[in-house]
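The values are calculated or read from the model by the stated rules, or taken from the named source; none is laboratory data. Worth saying up front: this structure is predicted, and the values here are computed from it rather than measured. Cβ atoms come from the backbone with ideal geometry, glycine included; neighbour counts cover every protein chain shown.
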Amino acid sequence: MIQFDILVRGAGAVGLTAALALSRQGWRVALLGEAAAPGGDDVRAYALNRSSVALLQGLKVWEAIPADARTPVFDMHVQGDAAGAVLDFSAWTQSVGELAWIVDAAELETALRAAARFAPHVTTVGHEVPAGLQVLAEGKDSATRARLGVNMPRRAYGQRGIAARLVASQPHAGLARQWFRSPDVLALLPLDRPRAGHGLGLVWSVADARADELMALPESDFVAELMQASQGAAGTLELASPRAQWPLSLAQAEAVHGPGWVLVGDAAHVVHPLAGQGLNLGLADVAALAEVLAEREPWRPLADARLLQRYARRRIGPTLAMAGLTDGLLHLFASPAPLARELRNRGMSLVNHLTPLKRLLAARALGS
């Protein structure tokens with residue numbers, strides 16, 4: 001019987017990355033979980049920061065993603081719900097090549113699965129096997145986390161995210177656009193699929209009732225609503241994929257480690273997608289866990305409580321900070337109160353003129 005050092009539960013992007021990162025240290029890794037079916041049905045797009053890209057580069061996965069499935073973001077334009085309330089970020093002012101990368105979700109997972117198949121220390125298994133440490137990367141509805149009795153209080157936002165692929169009449173030029181308006185958040189992200197230079201990824205966070213309305217509309221009427229919401233800033237838009245939706249919430253597991261197990265990714269925390277940091281948080285979990293295990297004392301076993309506590313300490317601050325930021329921004333921009341509206345729009349305009357503060361905010365988002 002094959003003996004494994006680590007069992008990774010979950011074959012999504014975070015689980016696959018964890019299996020690859022830990023196997024590169026020589027650990028014998030078992031990967032358990034159903035892989036998503038390949039194909040073009042997944043319309044999600046991920047925004048990856050510099051740290052996430054560096055992790056994927058180190059695993060030799062980044063270069064395997066087709067060039068048209070990873071598009072650099074050179075500039076970002078954020079608009080409030082009052083005239084003149086804008087916030088602009090530029091790679092040039094940050095002295096970096098790009099602010100972020102927008103990546104086709106299906107192609108990322110395809111590249112990760114291919115790497116896992118050829119990784120010498122990764123074995124895909126169809127059932128639970130004994131291992132010194134279990135890494136739970138099963139997502140926000142993790143069945144193993146529930147069986148372990150770990151609570152993960154979830155606060156529903158009463159919103160859903162709507163995703164789709166679009167084609168615009170104007171070239172995107174590497175510009176990501178975002179609108180913060182009471183009560184929705186709209187993002188148009190540059191992605192060279194389905195058309196080089198003119199493809200966009202849509203992420204639209206709206207109230208549940210509004211989501212029902214938008215999802216029920218014929219394509220032409222949905223595009224008309226989107227054109228009105230985006231004020232034609234990206235040119236004439238066409239829908240180039242089916243629409244997908246999912247409920248939005250805020251959640252944090254009450255414990256991220258225990259005897260013989262550790263949580264990573266959405267199994268440990270869920271945040272609102274308005275900052276595009278969900279997958280970045282999960283990949284940062286993987287990087288931190290890999291670092292902690294690489295630095296462990298030779299006599300300390302993988303499941304040692306103090307070792308896993310080091311991982312928890314490294315991740316609790318960044319995770320709670322991002323949860324607080326996204327939650328605070330959402331409530332600030334969702335409020336219809338005149339004072340809140342005045343505060344958020346004046347604040348955006350003020351920050352836009354404070355270059356050092358803008359650089360700090362961008363550096364945090366870049367994973368610096």
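Can you find even one residue in the stretch 218-233 that is assigned to a helix (DSSP H, G or I), modelled with pLDDT of 95 or more, β-branched (Val, Ile, Thr) and out of contact with any helix residue (DSSP H, G or I) (no Cβ under 8 Å at 6 or more places or on another chain)? Yes, there is a match, as at least one residue in the stretch 218-233 is assigned to a helix (DSSP H, G or I), modelled with pLDDT of 95 or more, β-branched (Val, Ile, Thr) and out of contact with any helix residue (DSSP H, G or I) (no Cβ under 8 Å at 6 or more places or on another chain).
Give the stretch 81-98 a look and list any residue that's part of a strand (DSSP E or B) and buried (at least 18 other Cβ atoms within 10 Å of the Cβ), or say none. If the condition is that a residue be part of a strand (DSSP E or B) and buried (at least 18 other Cβ atoms within 10 Å of the Cβ), then LEU87, PHE89 are the ones that fit.
One residue alone among VAL262, VAL206, VAL185 is surrounded by 20 or more Cβ atoms within 10 Å (Cβ to Cβ), part of a strand (DSSP E or B), at pLDDT below 95 and not aromatic (Phe, Trp, Tyr), and that residue is VAL185. Considering ALA106, ALA146, ALA114, the condition of being in a helix (DSSP H, G or I), at negative phi, touching a Gly at 6+ places or on another chain (Cβ under 9 Å) and not acidic (Asp, Glu) is satisfied by ALA106 alone. Inside the stretch 296-319, residues that are outside any loop (DSSP other than H, G, I, E, B) and more than 24 Å from PHE89 (Cα to Cα) make up a count of 13. If you check GLU107 against the conditions, is it charged (D, E, K, R) and more than 30 Å from TRP204 (Cα to Cα)? Taking the combined requirement at face value, the residue does not satisfy it. Name the residue that is nearest to ALA216 (Cα to Cα), counting only residues in the stretch 154-182 that are small (Gly, Ala, Ser), at pLDDT 95 or above and part of a loop (DSSP other than H, G, I, E, B). The selected residue is SER169. With respect to GLY33, is the statement that it is over 17 Å from ALA105 (Cα atoms), in contact with a Lys or Arg (Cβ under 8 Å, 6 or more places away or on another chain), small (Gly, Ala, Ser) and assigned by TED's automatic domain parsing to the domain that holds ALA131 true? Answer is yes for this residue.
Is it true that some residue in the stretch 214-221 is surrounded by 16 or more Cβ atoms within 10 Å (Cβ to Cβ), at negative phi and of a type outside the set (Phe, Trp, Tyr)? Yes, the stretch 214-221 contains at least one residue that is surrounded by 16 or more Cβ atoms within 10 Å (Cβ to Cβ), at negative phi and of a type outside the set (Phe, Trp, Tyr). Within the stretch 282-295, is even one residue over 19 Å from GLY201 (Cβ atoms) and not in a helix (DSSP H, G or I)? Yes, some residue in the stretch 282-295 is over 19 Å from GLY201 (Cβ atoms) and not in a helix (DSSP H, G or I). The residues of the stretch 56-80 that are surrounded by 16 or more Cβ atoms within 10 Å (Cβ to Cβ), at pLDDT 95 or above and not in a helix (DSSP H, G or I), listed by number, are LEU59, VAL61, ILE65, ARG70, THR71, VAL73, PHE74.
Restricting ASP5, ASP41 to those that are of a type in the set (Asp, Glu), buried (at least 18 other Cβ atoms within 10 Å of the Cβ) and outside any helix (DSSP H, G or I) reduces the list to ASP5.
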